Amino acid sequence: EAGFRPTAERFNMTWALHDPNKKCRVLPLVSRFGHCLNDLLYRWRSDLLPIEIPAIVSNHTDFEEQARWHGLPYHHLPLGPKGAAPTKADQEEQLLKLIDEYQIDLVVLARYMQVLSPDLCRALSGRCINIHHSFLPSFKGAKPYQQAFERGVKLIGATAHYVTADLDEGPIIEQAVERVDHATTNEQMVAMGRDIESIVLARAVQFHAEHRVLINGHKTVVFW
């Protein structure tokens, strides 16, 4: 640090040095689709990613037993009916406390089907990754693969990006696509899409954990 500081000051750099032996502490958030969570847990347990997963957070209880099998605390943070407690503000306050308690470096929305508030997005700026199908913005809302099937798309895919207050418009980290044709059913598209989502999210988490991603405005520079 002492040796590099004069050069950094000369060019007015924002910079940091990282210990490659220190693993990134990741907090997965999940709702009711578990393919991305399953993949991250497998890669973590198999030491295929330079991460630690100290706990899992969800707005549902679907994966509580799975978390227990992995020996992980499972924090159920539900939302009440519209206008009733616990509100989104209550839920996000609890989430921030967990992030602080577990000393989390990176929050991963592993198919977490809740929109984060602008305040939470700002609090997690540059350290929260989301995964979504690449049909956005063409196929927004429910059943994107059904919409794509009905339009006869020829490519399906997934995009991992940093979360910002602008929904699904944060800096892109990684993408992948798979070719389909007229014979591919909606069910087959869903299955293929889940595979792609899992792979793309794992790559994005790896790139971030290895400090290979630089955010440059609305874009990223990723060092392979």
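The values are calculated or read from the model by the stated rules, or taken from the named source; none is laboratory data. The structure presented is a predicted model; accordingly, all values stated were derived computationally and were not measured. Cβ atoms come from the backbone with ideal geometry, glycine included; neighbour counts cover every protein chain shown. Quick note on the areas: whole protein, heavy atoms, side chains included, nothing else; ligands and nucleic acids left out. Shrake-Rupley method; radii C 1.70, N 1.55, O 1.52, S 1.80 Å.
Residues are listed down the side, and each one gets a yes or a no for (1) within 20 Å of residue 130 (Cβ to Cβ); (2) more than 17 Å from the chain's Cα centre (by Cα):
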site: 18; (1), (2): no, yes
site: 31; (1), (2): yes, no
site: 36; (1), (2): yes, no
site: 41; (1), (2): yes, no
site: 47; (1), (2): no, yes
site: 60; (1), (2): yes, yes
site: 68; (1), (2): no, yes
site: 100; (1), (2): no, yes
site: 112; (1), (2): yes, no
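Regarding residue 49, is this residue touching a residue at least 24 places away in the same chain (Cβ under 8 Å) and open to solvent by 40 Å² or more (accessible area, probe 1.4 Å)? Spelling it out, it is not the case that residue 49 is touching a residue at least 24 places away in the same chain (Cβ under 8 Å) and open to solvent by 40 Å² or more (accessible area, probe 1.4 Å).
Hey, can you tell me all the residues within region 95-131 that are over 20 Å from residue 158 (Cα atoms) and open to solvent by 30 Å² or more (accessible area, probe 1.4 Å)? 96, 97, 100, 101, 102, 103, 105, 118, 119, 122, 123, 125 - these are the residues of region 95-131 that are over 20 Å from residue 158 (Cα atoms) and open to solvent by 30 Å² or more (accessible area, probe 1.4 Å). Out of 29, 40, report the one residue that is out of contact with any Leu (no Cβ under 6 Å at 6 or more places or on another chain), in contact (Cβ under 8 Å) with a residue 60 or more places away in the chain, outside any loop (DSSP other than H, G, I, E, B) and among the hydrophobic types (A, V, I, L, M, F, W, C). The unique qualifying residue is 40.
Of all residues assigned to region 158-178, none qualifies as being open to solvent by 20 Å² or more (accessible area, probe 1.4 Å) and part of a helix (DSSP H, G or I). Going through (1) under 30 Å from residue 182 (Cα atoms); (2) under 18 Å from the mean Cα position of the chain (by Cα) one by one, residue 150 falls short only on (2).
Taken residue by residue, region 180-196 has at least one member that is buried (at least 20 other Cβ atoms within 10 Å of the Cβ), in contact with a strand residue (DSSP E or B) (Cβ under 8 Å, 6 or more places away or on another chain) and modelled with pLDDT of 95 or more.
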